[in-house]
1. 5 Å is the cut-off here: which amide hydrogens, built 1.01 Å from N in the peptide plane, fall below it relative to Asn110, excluding neighbours closer than 5 in sequence?
2. Run the accessible area of the chain with a 1.4 Å probe and give the carbon-and-sulfur part as a rounded percent.
3. Mind listing the phi-derived Karplus ³J(HN,Hα) values for the stretch 163-175, rounded to whole Hz, using 6.51, -1.76 and 1.60 with θ = phi - 60°, and x for any glycine or proline?
4. Which listed residue (Thr139, Ser113, Gly60) has the Cα farthest towards the positive end of the charge dipole for the chain, taking +1 on Lys and Arg C-beta and -1 on Asp and Glu C-beta about the Cα centre?
5. Counting only C-alpha contacts under 8 Å and six or more residues apart, can you give the relative contact order of the chain as a whole percent?
6. Assuming 0.36 nm per residue, please report the length gained on full extension of the stretch Arg174 to Thr70 beyond their Cα-Cα distance.
7. Per-residue HN-Hα couplings for the stretch 66-72, Karplus 6.51 cos²θ - 1.76 cosθ + 1.60 at θ = phi - 60°, whole Hz, x for Gly and Pro?
8. Which of Asp92, Asp158, Asp140 moves most in a GNM of the chain, Cα contacts under 10 Å?
Amino acid sequence: DCHNQAPVSCVNLESTTAFLNVTTYIGGVAGATGMVTKFESCSNSGAISSNRLSKNYVGGIVGYSNGTTTVSSSTNSGAVTANPSKSVVTADYVGGIVGYTTGTMTMTGNTNSATGTVSIVAQSSDGYRSAAGGVIGFTDAASHTLTGNINRANVLTDCPNKYTPAGGVVGVVRG
């Protein structure tokens, strides 16, 4: 029952590409999780964004999930965006509820509303992976269960990447 109404953002402060191996985790309720974590009846209405040069994992509720994670009956109505500030090789994963998940993920009854647009805008034309999804951007979980999740928002990718899928519910399912 956690709620966020304020914008959460990571602003690119690097003037060089020296920080490309740093991963950025940005979320409306949690940037990153590990071990056993449960989010129930949480909400976000603030804009969630990153424009860093590094890998961006951005989610309306959780940016990056690892371990055993459950997200249920949670909502996002804030825009969720990754917009790397320069033309560099990067991997960006953006989701209305969760940006990137690995481990074990269970998601039930979550909603990304019509005002919660999910988008990636990048300038890199290299073959790095990026993905956007209305509920999950990219799941590489050993086990994932999705039941009754709804996306009502636009999911947009504006990238010249060779591999930048967008999905109404999930951008990429792997694992």
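The values are calculated or read from the model by the stated rules, or taken from the named source; none is laboratory data. If you're wondering where the values come from, they're calculated on a predicted model, not measured in any experiment. Methodologically, a virtual Cβ is constructed for each residue, glycine included, from the backbone with ideal geometry; neighbour enumeration extends over all protein chains shown. Heavy atoms of the whole protein, side chains included, go into the accessibility calculation; ligands, DNA and RNA do not. Shrake-Rupley method; radii C 1.70, N 1.55, O 1.52, S 1.80 Å.
1. Ser73, Ser74, Asn149, Ile150
2. Details: 3660 of 7280 Å².
Its accessible area is 50 percent carbon and sulfur atoms.
3. My calculation for the stretch 163-175 gives 9, 9, x, 10, x, x, 10, 10, x, 9, 10, 9, x Hz in order.
4. Of the candidates, Thr139 comes out farthest on the positive side.
5. Working: 654 pairs, mean separation 32.7, N = 175.
Value for the chain: 19 percent.
6. Working: separation 104, 0.36 × 104 = 37.44 nm, distance 1.81 nm.
Full-extension gain reported as 35.6 nm.
7. Along the stretch 66-72, the couplings run 9, x, 10, 10, 10, 10, 9 Hz.
8. Between Asp92, Asp158, Asp140, it is Asp158 that shows the largest mean-square fluctuation.
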